[in-house]
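Note sheet for the following structure.
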Amino acid sequence: MVKFLDLPGQYESIRREIDEAIHHIVSTGSFVGGAAVRDFEAAFSEYQNTDHCVGVANGTDAIEIALEGLRLPKGSEIVVPANSFIATSEAVTRAGHRVVFCDVDPFTLLMDIKDLRERLTSATAAVICVHLYGSPCDMGEILDLARERNLRVIEDCAQAHGAEWRGQRVGSFGDAGTFSFYPGKTLGAFGDAGAIVTGSPELASRCRMIANHGRVSKYDHEFEGRNSRLDSLQAAVLQVKLRHLDGWIDARNDVAAQYRSGLRECEQVSVQQFDDQSRHGYHLFVVRAQRRDELRSFLHARGIETGIHYPISLPRLAAYAHLVRAGESFMADGLAGELLSLPIGEHVSANDAEEVIDSVRDFYHS
Ligand SMILES: *Cc1c(COP(=O)(O)O)cnc(C)c1O
């Protein structure tokens with residue numbers, strides 16, 4: 001049995017620290033805001049090497065609030081990759097802008113920068129690059145393009161905790177980096193949570209106000225915002241887990257290295273390519289596999305859990321039928337039928353990884 005995710009196992013490994021942190025919050029009765037949230041924001045911005053961190057209620061709000069904080073003209077076009085979770089594009093629409101899909105590269109599985117260039121118009125105001133699966137996008141190319149075309153850049157880091165592009169943490173290159181701490185993410189809370197990181201004090205303070213009713217003091221509001229705050233209990237849990245994060249990401253990298261070498265000879269499977277001068281966060285280990293659905297059933301029969309991220313490209317979702325021109329297609333559409341996420345995490349032992357590799361090879365007789 002190789003589980004895809006083992007949250008109870010992770011809890012057991014850090015139970016004392018977590019229980020103590022939760023007890024502290026419950027016994028002080030400070031559930032929203034307060035020291036726990038401030039402490040986590042400080043610790044996370046230090047980890048991220050950014051000046052500011054604003055805790056919010058979830059990773060989708062983080063994108064939406066960051067966009068709103070940038071005060072782009074209403075109805076601006078914002079480019080997002082065609083393979084991501086719907087939250088990336090949903091936030092664009094919610095913030096009052098227009099979604100433009102850009103195709104993905106079949107090898108890196110990330111935003112294809114050549115295609116991105118072709119999607120830009122005079123109405124394009126920003127790009128949301130997604131460091132999908134924990135793999136850092138080429139920030140050199142994206143920032144060059146952004147400078148050239150005067151675009152804002154938001155990095156969707158919901159899957160990229162701890163990932164680095166050429167020695168620098170993702171989330172710290174663009175105007176803002178947005179994080180999700182959904183329980184299943186690499187750094188996960190015990191419920192929904194998220195954060196925005198930025199180097200801009202103005203953007204940080206506007207995001208903080210938007211997330212807290214446009215508040216300047218308890219009952220003084222400069223504008224209408226909303227309620228999207230980070231809970232103290234979640235902040236306390238995250239603060240404990242942050243201390244273990246790098247160790248967990250190292251363990252993910254060990255599993256990934258084993259998969260990469262074990263599957264090298266298996267030609268029916270190709271692993272996600274990435275820049276070896278960067279640090280992959282390996283939230284997910286994704287391959288393109290021939291006869292994907294059959295392979296998936298075969299692995300499940302052997303007790304190996306897998307996932308698909310994502311089975312339908314964003315432009316093919318019913319939610320976006322109105323955005324796609326007749327006959328228009330994306331590389332991402334076809335890729336969606338080949339993607340398979342193998343189990344990864346600190347719960348996956350070297351023996352487990354070996355079992356996964358052997359099973360994949362057995363399936364293809366390779
Ligand atoms: C999980 C995720 C989000 C949204 O985060 P939530 O905390 O679930 O709202 C956004 N973008 C990507 C790429 C994600 O994987």
Query raised in the report: Restricting the first residue to the range 275-291 and requiring it to be modelled with pLDDT of 95 or more and open to solvent by 20 Å² or more (accessible area, probe 1.4 Å), which pairs with a second residue that is away from the ligand (no atom under 16 Å from the Cβ) and of a type in the set (Asp, Glu) meet a Cβ separation below 7 Å and a spacing of at least six or different chains?
Result: 279/164; 288/338
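Rundown of residues vs (1) assigned to a helix (DSSP H, G or I); (2) open to solvent by less than 60 Å² (accessible area, probe 1.4 Å); (3) in contact with a Phe, Trp or Tyr (Cβ under 7 Å, 6 or more places away or on another chain); (4) modelled with pLDDT under 95, yes/no style:
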residue	(1), (2), (3), (4)
315	yes, yes, yes, no
320	yes, yes, no, no
327	no, no, no, yes
334	yes, yes, no, no
337	no, yes, no, no
345	no, yes, no, no
Query raised in the report: Across the range 151-201, what is the number of residues that are of a type in the set (D, E, K, R), out of contact with any Leu (no Cβ under 7 Å at 6 or more places or on another chain) and more than 13 Å from the ligand (Cβ to nearest atom)?
Result: 3
Requested in this report: Being in contact with a Leu (Cβ under 9 Å, 6 or more places away or on another chain) and away from the ligand (no atom under 11 Å from the Cβ) is the filter; apply it to the range 131-140 and report the residue that is farthest from residue 56 (Cα to Cα).
Outcome: 138
Report task. Return yes when residue 296 is in contact with a Cys (Cβ under 8 Å, 6 or more places away or on another chain) and surrounded by 14 or more Cβ atoms within 10 Å (Cβ to Cβ) and no when it is not. Result -> no
Report summary line: Taking the range 134-149 and keeping only residues that are within 18 Å of the chain's Cα centre (by Cα) and surrounded by fewer than 24 Cβ atoms within 10 Å (Cβ to Cβ), one is left with 138, 139, 142
Query raised in the report: Can you tell me which residue in the range 110-122 is farthest from the ligand (Cβ to nearest atom), limited to those that are open to solvent by 40 Å² or more (accessible area, probe 1.4 Å) and part of a loop (DSSP other than H, G, I, E, B)?
Result: 122
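The values are calculated or read from the model by the stated rules, or taken from the named source; none is laboratory data. The structure presented is a predicted model; accordingly, all values stated were derived computationally and were not measured. With ideal geometry, Cβ positions are generated from the backbone for all residues, glycine too; neighbour counts draw on all protein chains shown. Keep in mind that these areas ignore ligands, DNA and RNA; they rest on the heavy atoms of the full protein, side chains included. Shrake-Rupley method; radii C 1.70, N 1.55, O 1.52, S 1.80 Å.
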